[in-house]
1. So for the range 157-309, averaging the separation of alpha carbon pairs under 8 Å that are six or more residues apart and normalising by length, what relative contact order in percent results?
2. Given the convex hull of the Cα atoms of the chain, what is a quarter of its surface area in nm²?
3. Send over a whole-number figure in Å² for the accessible area per residue of the range 70-209, probe 1.4 Å.
4. Glu81 to Val265: extension gain in nm, 0.36 nm per residue of separation minus the Cα-Cα distance?
5. Restricting to bridges with both residues inside the chain, how much of the DSSP beta-bridge set is antiparallel, in percent to the nearest 5?
6. What is the spread of the Cα atoms of the range 132-188 along each of their three principal axes, largest first, in whole Å?
7. For Glu241 and Arg367, compute 0.36 nm times the residue count separating them, minus their Cα-Cα distance, and round to one decimal in nm.
8. Taking R0 as 35 Å, what's the FRET efficiency between Thr301 and Ala57 from their Cβ-Cβ distance, rounded to 0.05?
Amino acid sequence: MKKYDAAIAGGGVIGGALALELARAGLRVAVFDRQQPGQEASWASAGIISPAPESPAMIVTVPLAKASVSLYPEFVAQVEEISGRNVGFRPKGTLEALFSHDTKAELSTIIALHHGLGLKAEPLRAEDARELEPALSEEVEAAVLRPEEASVDNRLLTAAVLEAAQRSGVEIFSGNGAKAIWREGNRCAGLVLQNEKVEAKWTIIAAGCFSATIEGIAPYAPVRPAKGQMVALRADELKMERVLWSEKIYLVPRNDGRILAGATVEYAGFDKRTTAGGIEKILSAAIDLAPGLADARIEETWAGLRPDSPDHLPILGPADLDGLLIATGHFRSGILLTPITARLVREWITEQRVSVDWDRFSPTRFRAAAANSAQRAPS
Ligand SMILES: Cc1cc2nc3c(=O)[nH]c(=O)nc-3n(C[C@H](O)[C@H](O)[C@H](O)COP(=O)(O)OP(=O)(O)OC[C@H]3O[C@@H](n4cnc5c(N)ncnc54)[C@H](O)[C@@H]3O)c2cc1C
């Protein structure tokens, strides 16, 4: 029987980065993926690195997100050095365009919110925004520049992370997914694969939106897929340096000249088809934000499945079974949160402490919530 210090189910960017970090800390690590690793959400993503919360409920993730942003340059440098590959990191800031007629009030609310959370944000007049980003529509009334934000080419990053993990001694098994966790009393002893068991001191579930399909995991990680459709455009005459946002859309320039536009958020099970309605919505919002894109070539369309949790927050940390850790539920922020997720799991395993409080994201919170609601239910 194979035996490891850590057995990881899932070879997306999260499983790959965990494996790399643990192997570099001296552990014997294996990653098991049910297919070719790195082909799911981590491939489909837009790769925006933005700690700004998308809704008030996400404010609790800001400390985690800020820690991850500050780890990013070092993480990229390490992955690039070990893998020998470039990952298309663009620490150029992002720019949010405002179209409303009351931009003054909107601007001051956004800036105050960011500053209150310790995030850098600068108000820009429309003409200053267009000077920075000439592709912006004439209809834009004002903008917010977030200079500390960035983007990364998530496809390159995921492939490089997996390569770096392998070069650091991690064994990666494709086409050999986990059916279940191997439970022995109150302990998780490893993984049950298709035709064998693997023994591990630490078992880590990082199978993205598929995590709950592994027997024994649903109580800790009741994740479901949130489909996102994306379009890649090419407009050689259009200059775009930063990620541009509007209320409806984001545009992400890549080093290879492509501009990614996305994304829908749909709850459609494990369906990854693109639809006419989804692509139409993305394209019309993209052209509203940067009208020059009307002449762009459509190079690719695709959809991917984000791992969403019931409260939309990540699921990170030890379960109440000895030796079992969960690292999923990153929803719309898995690329952003990759370095801090890997760091915290490694700290927990090697030092039994974490440098950023992760109790709020505990995998035991769903069991506690289920027990509370059962108690409250009328008999
Ligand atoms: C359209 C879109 C846009 C996005 N944009 C952004 C963004 O701009 N910024 C950002 O930070 N995040 C973004 N995200 C979210 C981010 O991509 C995800 O949160 C992140 O990639 C999740 O990584 P993961 O490794 O957990 O999951 P995945 O990449 O889905 O990897 C899970 C892996 O587990 C494997 N697996 C499945 N079942 C099993 C099993 N039983 N046993 C073993 N392995 C198994 C799968 O084959 C897969 O390789 C976006 C996502 C989408 C879809």
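The values are calculated or read from the model by the stated rules, or taken from the named source; none is laboratory data. Nothing here was measured: the structure is a model prediction, and the numbers come from that model. Don't worry about glycine lacking a Cβ; one is built from the backbone with ideal geometry, like all the others, and counts go over all protein chains shown. Surface accessibility is based on the protein's heavy atoms, side chains included, excluding ligands, DNA and RNA. Shrake-Rupley method; radii C 1.70, N 1.55, O 1.52, S 1.80 Å.
1. Working: 257 pairs, mean separation 35.4, N = 153.
Result for the range 157-309 is 23 percent.
2. On the way: hull surface 80.9 nm².
If I average the Cα hull's projected area over directions, I get 20.2 nm².
3. Values: 6420 Å² over 140 residues.
It amounts to 46 Å² per residue over the range 70-209.
4. On the way: separation 184, 0.36 × 184 = 66.24 nm, distance 3.49 nm.
Here the segment from Glu81 to Val265 would lengthen by 62.8 nm.
5. Details: 48 of 71 bridges.
Of those bridges, close to 70 percent are antiparallel.
6. Its Cα atoms span 62, 31, 22 Å along the three principal axes.
7. Values: separation 126, 0.36 × 126 = 45.36 nm, distance 4.51 nm.
The Glu241-Arg367 span can extend by a further 40.8 nm.
8. Values: r = 30 Å, r/R0 = 0.86.
About 0.70, to the nearest 0.05.
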